Amino acid sequence: MSELPARVIKGYRTNARGRKIPIYTEESVTARKEAIALEQQKADETRPVNTVRVKTTGRNNTKVYQRWDGTQWLTATGNDISKYRSLYNNQQELAEQLEDSKPPRGYNATEDKESQEVNKLPLPKYNQSKFEGKSTKNLRYPLASMGADQDYIQFGVIEYVRQGLTKGVVGSGQSFEDNLAKNILGTVTLPIPSQIGDNNVQNYGPSELNFLQERGLAIAKRGIGGDIDGAVKEANNLVDRLVGAENNANLATNFFANQAINAFGGNVNINQLLARSNGLVINPNMELLFSGPSLRNFTFQFKMTPRSAVEGEAIRQIIRVFKRHSAPKGAGDFLKTPDIFQIRYLTGQKNHPFLNRFKLCALTNMQVNYTGDGVYATYDNGTPVSMIMTLNFQELTPVYAEDYKDTEGVGY
């Protein structure tokens, strides 16, 4: 709960025992009540539908069971009391099963600039299904206790926001501990798959520039620069050289012959004519040149086998999160870009000291196999006994040499 406004003391009164009792101003008391009501309203808005709570009333501390229907708390009456009591006991059982999943003690998050809560998993409530709510911000599988020496992979969900035409997505040039992390919608933490790796590809291609193209480029530059006479003179010199040189004696003749043949539907180039007549070809001066970076792709496959109803519910939420946040938003004339993901390999609360880093990624493809063992089988509540989830990501921006400046391990 955020800090509440303080009550302002306007004086004191003395009770029957002679003790001074503060008297608060009505405005400060009202402001405090309104702030408490607002905090409670925000907490209720994030509660899953059908959450059940118990309140005690009266001098006899009578238990009253209430159910949240999404807009208000409904008090159980008649036959509903036993049903609500059963739902409430179910919630308490889930809480006891997850008691050992609390974050490790003694960890100081302020000492680690890149720290992100990995081990913290809110206690699930009955029929919990919301991901964006404050009470369900972090999900993980498996639900076993996480130690500071264990390795995991974490997916942070971030809203796609542009910075303009050329500056890319907000956070593209920022590290995870900056403003980007403050706007994170939630995290999903999973064990590192058995097969991981990175593939950094740069695009190169062959380029040709023969002596005719080179001289023609020089002539064109002089003409564009305004030296028309010089360009014409150089062009004449080039023609004289082509006609007079021994190896180029037939180049002009073959060139015009080639144009005539192609005019009648032929498909012969000048190099073919030179090779047939002189056994020569024009030197292409071929060279391999850099043409640009590439965007990396990553594929992760997770096999999930729930060992309890609680873990089955966590898996259901995880699958739903990836599906929902990789889908476009809106169904009108325009669609909004899906949310994006920040992927990190973690050791306890810190970045893995060796494995590669990731740029912001889009989830381009997701596959779920609900028969992970090759046979259809479910538990009593319908949860499959084994599932395989395959996620295909592609980075939004290329990796540059400058990105390695402040990174540890193998970098990107």
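The values are calculated or read from the model by the stated rules, or taken from the named source; none is laboratory data. What you see is a predicted model, and the numbers here were worked out from it, not measured in a lab. Because the Cβ atoms are built from the backbone with ideal geometry, glycine has one as well, and the counts that use them run over all protein chains shown.
Looking at region 325-412, the strands (runs of 3 or more DSSP E) lying wholly inside it that each contain 3 or more residues that are touching a Cys at 6+ places or on another chain (Cβ under 8 Å) and of a type outside the set (S, T, N, Q) sit at 340-347.
So that you can scan it fast, the table gives a plain yes or no per residue for (1) surrounded by fewer than 17 Cβ atoms within 10 Å (Cβ to Cβ); (2) in the same structural domain as T397 (by TED's automatic domain parsing); (3) of a type outside the set (G, A, S):
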residue	(1), (2), (3)
G348	no, yes, no
N351	no, yes, yes
K359	no, yes, yes
A362	no, yes, no
N365	yes, yes, yes
N369	yes, yes, yes
Y376	yes, yes, yes
Y379	yes, yes, yes
P384	no, yes, yes
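Which residue is nearest to A37 (Cα to Cα), if the candidates are limited to region 60-74 and must be surrounded by 11 or more Cβ atoms within 10 Å (Cβ to Cβ) and touching a strand residue (DSSP E or B) at 6+ places or on another chain (Cβ under 8 Å)? Filtering first and then ranking leaves W73.
Checking each residue in region 296-318 for being crowded, with 17+ Cβ neighbours inside 10 Å and closer than 29 Å to P398 by Cα picks out R296, F298, F300, F302, I318. For V399, all conditions in the list (1) in the same structural domain as F155 (by TED's automatic domain parsing); (2) surrounded by fewer than 18 Cβ atoms within 10 Å (Cβ to Cβ); (3) over 24 Å from P142 (Cα atoms) hold save one; what is the number of the exception? Unmet for V399, out of (1) in the same structural domain as F155 (by TED's automatic domain parsing); (2) surrounded by fewer than 18 Cβ atoms within 10 Å (Cβ to Cβ); (3) over 24 Å from P142 (Cα atoms): (2). Criterion applied to F255, F302, F211 was being modelled with pLDDT under 70 and aromatic (F, W, Y), and the one residue passing it is F255. Of everything in region 1-56 that is among the acidic types (D, E) and farther than 14 Å from Q72 by Cα, the residue that is modelled with the lowest pLDDT is E3. Within region 289-296, one or more residues are within 22 Å of T187 (Cβ to Cβ) and at pLDDT 95 or above. Note on region 269-291: residues that are free of Cβ contacts under 8 Å to residues at least 60 places away in the same chain and touching a strand residue (DSSP E or B) at 6+ places or on another chain (Cβ under 9 Å) total 0.
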